[in-house]
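Shown next, in structure tokens, is the structure this report addresses.
The values are calculated or read from the model by the stated rules, or taken from the named source; none is laboratory data. These numbers were taken from a predicted model, which means no experiment stands behind them. As a convention, Cβ positions derive from the backbone with ideal geometry for all residues, glycine included, and neighbour counts pool all protein chains shown.
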């Protein structure tokens with residue numbers, strides 16, 4: 001694609017780079033990139049790829065801006081809390097670079113729509129924060145032969161790689177399943193809302209992803225294909241792990257066992273284990289008979305400080321050491337933010353002999369929705 005006079009001026013500082021030139025800028029203009037997620041990783045990718053001059057950018061995100069996002073998702077402001085991330089991001093990006101064409105998908109990426117959406121783009125950047133989406137995006141990119149820029153963050157550490165890149169010999173580079181053929185148990189992968197994330201880390205890792213995306217598009221330098229970068233923001237150290245194609249890869253190996261998109265929520269939830277159903281109580285029933293229950297809050301102390309139901313606060317990770325504080329008699333209602341951590345707490349306590357536990361359905365989020373709309377929830 002030929003550059004206009006205005007584009008030659010706008011991108012001058014890139015065009016004068018050795019080995020980049022007009023040709024590199026024209027490759028960016030002709031390229032289309034799909035960014036999965038407009039959050040911590042997606043935001044810097046969106047900003048830098050837009051500023052760099054990528055011709056067409058798609059943004060997939062069904063979520064809304066929340067107050068807890070703003071510590072790391074610096075594309076958004078307090079006034080935009082409650083708005084859709086993808087649409088809000090694009091409204092700003094158009095002001096950053098009117099030369100770029102944007103496409104917004106205010107939907108959750110799924111096995112039903114992933115192939116159709118991803119097929120429209122040359123390159124995919126994964127800024128998601130959950131395992132089902134990572135496996136879904138990886139597999140769809142494999143089936144559609146699209147390169148994928150991978151990034152992940154947790155607490156103070158980040159990871160970056162380039163998957164499924166077209167090699168000189170016509171083959172494709174390693175992919176996410178060569179590293180992780182199957183997901184770990186769900187309780188081994190706490191979310192950022194449970195484990196936290198250093199605010200500047202997504203900006204660093206997202207910028208690294210954008211760097212790799214530009215290199216893949218322009219053919220410059222050596223990408224992270226075949227290498228996984230591990231970055232520690234506290235020590236400011238990085239190391240590399242070599243990633244090789246695995247013949248046993250269930251999608252791209254010698255004898256693939258997965259030939260189409262699957263139910264990734266079920267896949268990442270692990271094997272079905274027959275367990276006794278949890279006893280639970282709705283927030284309305286709990287509210288009507290509050291005085292009869294002993295209340296156990298298994299959220300983190302800082303969550304408890306923001307809002308609580310007056311119960312005993314023992315974080316999930318400390319339960320095993322504080323069993324003496326939890327009664328074996330009377331009904332004990334266990335709750336967290338949404339009901340997931342409290343369910344895990346109950347399973348743990350049941351192994352310790354407790355038989356008097358009830359899970360608060362929907363957790364404190366349900367309480368806010370149905371009982372006290374003024375309650376602050378982080």
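A few comments on the model shown:
- Hits in the stretch 213-237 - residues which are out of contact with any strand residue (DSSP E or B) (no Cβ under 6 Å at 6 or more places or on another chain) and part of a strand (DSSP E or B): 237
- Complete set of residues in the stretch 176-211 that are under 29 Å from residue 257 (Cα atoms), at pLDDT 80 or above and assigned to a helix (DSSP H, G or I): 176, 177, 178, 179
- Here residue 377 fulfils each of the conditions (1) in a helix (DSSP H, G or I); (2) surrounded by 17 or more Cβ atoms within 10 Å (Cβ to Cβ) apart from (1).
- Options 275, 305; residue that is at pLDDT below 90, touching a helix residue (DSSP H, G or I) at 6+ places or on another chain (Cβ under 8 Å) and not assigned by TED's automatic domain parsing to the domain that holds residue 184: 275
- Screening residue 245 with (1) under 26 Å from residue 314 (Cβ atoms); (2) surrounded by fewer than 18 Cβ atoms within 10 Å (Cβ to Cβ); (3) in contact (Cβ under 8 Å) with a residue 40 or more places away in the chain gives one miss only, at (1).
- Restricting the stretch 280-299 to residues that are within 17 Å of residue 375 (Cα to Cα) and buried (at least 17 other Cβ atoms within 10 Å of the Cβ), the residue that is modelled with the lowest pLDDT: 299
- Test: residue 25 is crowded, with 21+ Cβ neighbours inside 10 Å, touching a residue at least 24 places away in the same chain (Cβ under 8 Å) and within 26 Å of residue 197 (Cβ to Cβ): no
- Under the condition of being touching a helix residue (DSSP H, G or I) at 6+ places or on another chain (Cβ under 9 Å) and assigned to a helix (DSSP H, G or I), the residues counted in the stretch 11-25 number 7.
- Test result for residue 319, touching a strand residue (DSSP E or B) at 6+ places or on another chain (Cβ under 6 Å), touching a residue at least 24 places away in the same chain (Cβ under 8 Å) and surrounded by 11 or more Cβ atoms within 10 Å (Cβ to Cβ): no
- Restricting attention to the stretch 64-118, the residues that are at pLDDT below 95, over 26 Å from residue 201 (Cα atoms) and surrounded by 19 or more Cβ atoms within 10 Å (Cβ to Cβ) total 0.
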